[in-house]
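I have placed the structure first, in the form of structure tokens, so that the comments after it can refer back to it.
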Amino acid sequence: MNLPFTHDQFLDVFAAYNSTLWPAALVLWLLTAGTVAWLATGRAAGRALAALLAVHWLWSGAVYHLGYFTTINPAARLFGLAFILEAGLIAWFGLVRSRLQFRWGRDRGVRGGLAVFFSVYALAYPLLILATGLTWPRMPAFGVPCPTTLLTVGVLLSADTTPRMLGIIPLAWCFIGGSAALLLGVVPDLGLILAGAALLIELVAPRVLSRARAA
């Protein structure tokens, strides 16, 4: 894969993003941690989680992609529009039509375990990045596409029913971000490959993961 930017340019984008917007990213992380903890109690409202995901996708698309990533990658304009579209779809299904309900539970098989795993993985993403040797502010942290996608896969796998339309853009980013992980030195993004595989199974053969039981 040939990228239109260098590794240093990629990290420079994060340096600019983090230096300017870190308070907003921290607030988003705290809101996300609180909402995921709420989901763990079994009392999370579908509309609240849908609103959170919509904010994540809108922020990643409008602020990160269109505001920063376009400076080194022309394709970021398309990425940004796709992320904004995903935010709109989540808002439509989750807020307008109230078709999204979420829960964790042992009765959900491997699907439930993966829902928990990817949700926690997304929250731990900044620490995982630091563990690879990247340093603040030249590192992806939160409120950017890859942790947003990991979180979304976790939340969608916890949904009672996942409209297939909601999974297409996250699935595409799983393989875009995952395939670039080693080239860009962002090892935690390799988790996107597993996330994409799980989401693909869920979209193609719903409930297969629910019927599978962890050993």
Worksheet, complete the sentence: Within the range 132-154, residues crowded, with 17+ Cβ neighbours inside 10 Å, hydrophobic (A, V, I, L, M, F, W, C) and part of a loop (DSSP other than H, G, I, E, B) come out as 134, 139, 141, 142, 144
Item to complete: Kindly provide the set of residues from the range 1-33 that are surrounded by fewer than 13 Cβ atoms within 10 Å (Cβ to Cβ) and in contact with a Gly (Cβ under 7 Å, 6 or more places away or on another chain), ordered by number.
Response: 7
Practice prompt. Please indicate, with yes or no, whether at least one residue in the range 47-69 is assigned to a loop (DSSP other than H, G, I, E, B), touching a residue at least 24 places away in the same chain (Cβ under 8 Å), farther than 23 Å from residue 19 by Cα and of a type in the set (D, E, K, R).
Written response: no
Worksheet item: Is it true that residue 83 is in contact with a Phe, Trp or Tyr (Cβ under 6 Å, 6 or more places away or on another chain), surrounded by 14 or more Cβ atoms within 10 Å (Cβ to Cβ) and modelled with pLDDT of 95 or more?
Response: yes
Practice prompt. Return the residue satisfying two criteria in turn: it lies in the range 171-215 and is more than 30 Å from residue 12 (Cα to Cα), assigned to a helix (DSSP H, G or I) and among the charged types (D, E, K, R), and of such residues it is modelled with the lowest pLDDT.
Written response: 211
Worksheet item: What is the one condition in (1) in a helix (DSSP H, G or I); (2) in contact (Cβ under 8 Å) with a residue 12 or more places away in the chain that residue 127 does not satisfy?
Response: (2)
Worksheet entry | Meets criteria (at pLDDT 95 or above, of a type in the set (Ser, Thr, Tyr) and under 17 Å from residue 49 (Cβ atoms)) for residue 70 | no
Worksheet item: Pairs, please: C-beta under 8 Å, at least 6 apart or cross-chain, first residue over 18 Å from residue 57 (Cα atoms) and in the range 4-26, second modelled with pLDDT of 95 or more and assigned to a helix (DSSP H, G or I)?
Response: 13/69; 13/71
Practice prompt. Please indicate, with yes or no, whether at least one residue in the range 134-149 is of a type in the set (Gly, Ala, Ser) and more than 15 Å from residue 50 (Cβ to Cβ).
Written response: yes
Worksheet item: Taking interchain pairs and intrachain pairs at least six residues apart, which have beta carbon atoms under 8 angstrom, with the first residue in the range 130-142 and farther than 14 Å from residue 21 by Cβ and without any contact (Cβ under 8 Å) to a residue 24 or more places away in the chain and the second crowded, with 16+ Cβ neighbours inside 10 Å and not polar (S, T, N, Q)?
Response: 130/139
Response to the item:
From the option list 118, 93, single residue qualifying as among the aromatic types (Phe, Trp, Tyr), part of a helix (DSSP H, G or I) and under 20 Å from residue 34 (Cβ atoms) is 118
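For every residue, the table says whether it meets (1) crowded, with 17+ Cβ neighbours inside 10 Å; (2) more than 20 Å from the chain's Cα centre (by Cα); (3) under 20 Å from residue 177 (Cβ atoms).
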residue: 94; (1), (2), (3): yes, no, no
residue: 101; (1), (2), (3): no, no, no
residue: 114; (1), (2), (3): yes, no, yes
residue: 118; (1), (2), (3): yes, no, yes
residue: 126; (1), (2), (3): yes, no, yes
residue: 130; (1), (2), (3): no, no, yes
Response to the item:
Scanning the range 155-170 residue by residue, those touching a residue at least 60 places away in the same chain (Cβ under 8 Å) and assigned to a helix (DSSP H, G or I) turn out to be 155, 165, 166, 169, 170
Response to the item:
Considering residues that are among the aromatic types (Phe, Trp, Tyr) and modelled with pLDDT under 90, the number found within the range 8-48 is 1
Worksheet entry | Which listed residue is closer than 19 Å to residue 84 by Cα and at pLDDT 95 or above, from 150, 128 | 150
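The values are calculated or read from the model by the stated rules, or taken from the named source; none is laboratory data. From a predicted model like this one, the values you see are computed outputs, not experimental measurements. Glycine gets a Cβ as well: all are built from the backbone with ideal geometry, and neighbour counts include every protein chain shown.
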